[in-house]
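Scroll down for the structure; my scribbles are underneath it.
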Ligand code: SAM
Ligand code: DTB
Ligand code: SF4
């Protein structure tokens, strides 16, 4: 079985990414089958626990206060409401519950205390917990770990060169610093990016290089397809070719063979066939439930039908399968 590498060059990744599609899929499938049960797909459910009015300028994001996106902003949700959603997610087969807040960073105080409490309560339902709350310092990461947080999501989004075209209010290094704080607290890292921002193939390769060369590699790698939201600067962006997206997923699987690769935002616009190709390319996780944070996701019934048609099974929690 291949060893994990953290010294990938862009040329090496390009050689993987740009090979004939059928060879690429075969290589990805081979590694996928060495490391996972090929027909199991993990399901996570997202909930926006604090929506909109975000001070950052991420040009893809409907939650930035700088753009006019018709979004209803929402204060931090009451814990009971979050718990209800987590219970419903568990009932519908999700093993992980991910709580997202439209914050630039975490501020110490009552709101953070409330999030810590949410993590404890969701954890006690027997689900894996994940938070995505923006930037985080070392102490805050340790507090989340103590509360039982399993994963922290913080994306690099794109290549270091393209990053400044997309976000100006925080740097690539800020993101790497937060990821280091999450790691040092002993929390699993969920880190990926977005494709379809108008970036080049070299930028997608650059993002994959940054992800794979982290040591350890992120346990979970969400690959988002841009959801174009009216009012954001990227609302008119040309859609990324599906095969390029599949190549990105297959390359992620090959260079990060032990990570979970998640089909994240953008599934609603994709056909069953496109998603089947992505599963063949080694994707083994999805966001389930009719809403992502603020935008629509496939209905639960639709996903159930897709799983049935493709013969996919829900991946159990690690302890359940042991
Ligand atoms: N505010 C926190 C942050 O930025 O880290 C947490 C929430 S933020 C919405 C989480 C991630 O969602 C972003 O890093 C980005 O990758 C993804 N995202 C946001 N808007 C998106 C969109 N329109 N299409 C695809 N992915 C999107
Ligand atoms: C991630 O990589 N994708 C999720 C999750 N992490 C937090 C968020 C997708 C958001 C899509 C746009 C929205 O619904 O607001
Ligand atoms: Fe704010 Fe996160 Fe959206 Fe950026 S991606 S505008 S930080 S909610």
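What follows is calculated from the coordinates using simple rules that are stated; it is not laboratory data. The structure displayed is predicted, hence computed values, not measured ones. When we count neighbours, we look across all protein chains shown, and the Cβ atoms used for this are built from the backbone with ideal geometry, even at glycine.
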Length added when fully stretched, residue 238-residue 38, from 0.36 nm per residue minus Cα-Cα:
68.8 nm
Can you tell me, using C-alpha contacts under 8 Å and at least 6 residues apart, the relative contact order of the chain as a whole percent?
24
Taking other Cβ within 10 Å of each residue's Cβ, how do 294, 69 sort, fewest first?
69, 294
For the chain, what does the alpha-carbon gyration tensor say about shape, rounded, prolate or oblate, given a ≥ b ≥ c as the root eigenvalues, a/c under 1.5 as rounded, and a/b over b/c as prolate?
rounded
Normalised contact order of region 186-322, rounded percent, pairs of Cα under 8 Å and 6 or more residues apart
21
For a test of the definition: using alpha carbon positions, the gyration tensor, and the 1.5 limit on a/c, classify region 268-322 as rounded, prolate or oblate.
oblate
Pairwise centroid distance, computed over Cα atoms, of region 1-59 with region 257-295, Å:
11
Relative contact order for region 74-202: what is it in percent, counting Cα pairs under 8 Å that are at least 6 residues apart?
23
Hey, with R₀ at 25 Å, roughly what FRET efficiency would residue 11 and residue 161 work out to, going by the Cβ-Cβ distance, to 0.05?
0.95
Which residues does the label zone of residue 70 cover in region 291-307, counting backbone N under 17 Å from a point 7 Å along Cα→Cβ?
294-297
Helix-only CD estimate at 222 nm, as mean residue ellipticity for the chain, using -39500 (n - 2.57) per DSSP H run (n ≥ 4)
-12500 deg cm²/dmol
Whether region 25-130 is rounded, prolate or oblate, judged on the alpha carbon gyration tensor where a/c under 1.5 counts as rounded
oblate
Where does each of 238, 45 land when they are ranked from fewest to most other beta-carbon atoms within 10 angstrom?
238, 45
